[in-house]
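This report concerns only the one structure given below.
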Amino acid sequence: MATELEKLFATAKSQNRAVLIAYIPAGFPTQAGCKKVIKALVGAGVDAIEIGFPYSDPVMDGPTIQSAAEISLKNGTGAAEVFDALKTAHDAGVASVVMTYWNPIERYGASNFAKSISANGGSGVITPDLTIEESEDWLNATFDAAINSIYVVAPSTTDARLAKVTELCGGFVYAASLMGTTGARNSISAGAQDLVARIRKVTTLPIAVGLGVSTREQAQQVAGYADGVIVGSAFIKLLLQAKDEASGISAVTELAKELVEGVRQGR
């Protein structure tokens, strides 16, 4: 049976459009605030929500997401809160996934983690630091729980490895648009479009581009060649800079509406 994520991409394809995926760490800016942000993003027209599992030693995250993760951890966020945020997104009516480094999954137990994702309405998990060579237990767990295993590829990934990684992907392939860490940028790397073209040669799975998108123009540009546009740091930055939670959520809502417009105008 198809996951909500797979259904979303199939619907978007039939409508000849890309989807907008918004990232928010669980427990940020507060436990209750995170749920408000999720509902605001969905209300603004975002297609899917990516819940971040805050981690003390992130490899892929830039300073903005690291700051949010620190706040989230101080707020006492753990697996239970991540799954609660995931359920909030699912209950709001959109496809939802979790992004997490491998260590929290290993500590929780791969099988139990995958089952908990499914039990809370999640479609899958993005694992940025898990290699395919070390994935056997996790792939078995995701298969049993009927959720998607989503891997990250980068411009440095060789063509031969792209074929191997995408063969084990489900839901979509996460294309990191540039080498480096997450963060809003003034322009999207030219390497993003090249990477998407290379991925298309080895898989028919949808491809979503993350790392750097922060404006309507950038979202429109990426939506012209990718199947999904992932935005995280731009939302988090607004919440970090806001004088209070309400104004932060208002700013996030406005940006989300602009990004939705950009993605819809991509084709």
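If you bin all the Cα-Cα distances of segment 124-168 at 5 Å, starting from zero, the percentages per bin are 5, 21, 34, 24, 11, 5, 1.
Of the cross-linked pairs Lys36/Lys87; Lys7/Lys39; Lys36/Lys243; Lys237/Lys257; Lys36/Lys237; Lys164/Lys201, which ones have a Cα-Cα span greater than 19 Å in the structure shown?
On the way: Lys36/Lys87 13 Å; Lys7/Lys39 21 Å; Lys36/Lys243 16 Å; Lys237/Lys257 16 Å; Lys36/Lys237 16 Å; Lys164/Lys201 12 Å.
Too far apart for the 19 Å limit: Lys7/Lys39.
Can you tell me the alpha carbon radius of gyration of segment 1-129 divided by the globular rule-of-thumb value 2.2 N^0.38 Å?
On the way: Rg = 14.1 Å, N = 129, 2.2 N^0.38 = 13.9 Å.
My calculation over the Cα atoms of segment 1-129 gives 1.01.
When the alpha carbon coordinates of segment 4-260 are projected onto the principal axes, the ranges are 48, 41, 33 Å, largest first. Mean separation of Cα pairs under 8 Å and 6 or more residues apart, divided by the residue count, gives segment 81-132 a relative contact order of 47 percent. Fewest neighbouring Cβ atoms within 10 Å first, the residues Glu167, Glu258, Glu81 line up as Glu167, Glu258, Glu81. From its DSSP helices (H runs of at least four residues, each -39,500 (n - 2.57)), the chain gives a residue-normalised ellipticity at 222 nm of -15000 deg cm²/dmol.
Check which residues have an amide H placed less than 5 Å from Phe28's amide H, if you skip close sequence neighbours. Placed amide hydrogens put Cys34 under 5 Å from Phe28. Counting beta carbons within 10 Å around each of Ser214, Ser233, Ser72 and listing the fewest first gives the order Ser214, Ser233, Ser72. A Förster distance of 30 Å, applied to the separation of the beta-carbon atoms of Asp144 and Glu245, puts the FRET efficiency at 0.15.
This model, with +1 at the C-beta of Lys and Arg and -1 at the C-beta of Asp and Glu, gives the chain a dipole about its Cα centre of some 720 debye.
Grouping the Cα pair distances of segment 195-240 into 5 Å bins from zero gives a pair-distance distribution of 5, 22, 27, 20, 13, 8, 3, 2 percent in increasing distance order. Ignoring aspartates and glutamates fewer than eight residues from Lys35 along the same chain, the ones with Cα atoms less than 13 angstrom from its Cα are Glu50, Glu81, Asp84, Asp91, Glu245. Charging the Cβ of each Asp and Glu at -1 and of each Lys and Arg at +1, and nothing else, the dipole of segment 1-125 about its Cα centre rounds to 300 debye.
Over the chain, calculate the relative contact order: mean separation of alpha carbon pairs under 8 Å at least 6 apart, over the residue count, as a percent.
So the answer I get is 22 percent.
Using Cβ counts within 10 Å as a stand-in for footprinting exposure, how do Ile117, Ile199 rank, fewest first? Working shown, then result.
Values: Ile117 28, Ile199 22.
Going from least to most buried by this count: Ile199, Ile117.
Directionally averaged projected area (segment 110-267, Cα convex hull): 10.1 nm². Where the centre of each part is set by its Cα atoms, how far does segment 210-267 sit from segment 26-96, in angstrom? Spelled out, the Cα-based centre of one part sits 15 Å from the other.
Along the charge dipole of the chain, which of Thr166, Gly266, Ala12 sits closest to the positive end, that is, farthest toward it, with unit charges on the beta carbon of Lys, Arg, Asp and Glu (+1, +1, -1, -1)? Projecting each Cα onto the dipole axis, the largest value belongs to Gly266.
Each value in this text was obtained by applying a stated rule to the coordinates, not by laboratory testing. Keep in mind that what you see is a predicted model, and the values were worked out from it rather than measured. All Cβ positions, glycine included, derive from the backbone under ideal geometry; neighbour counts span all protein chains shown.
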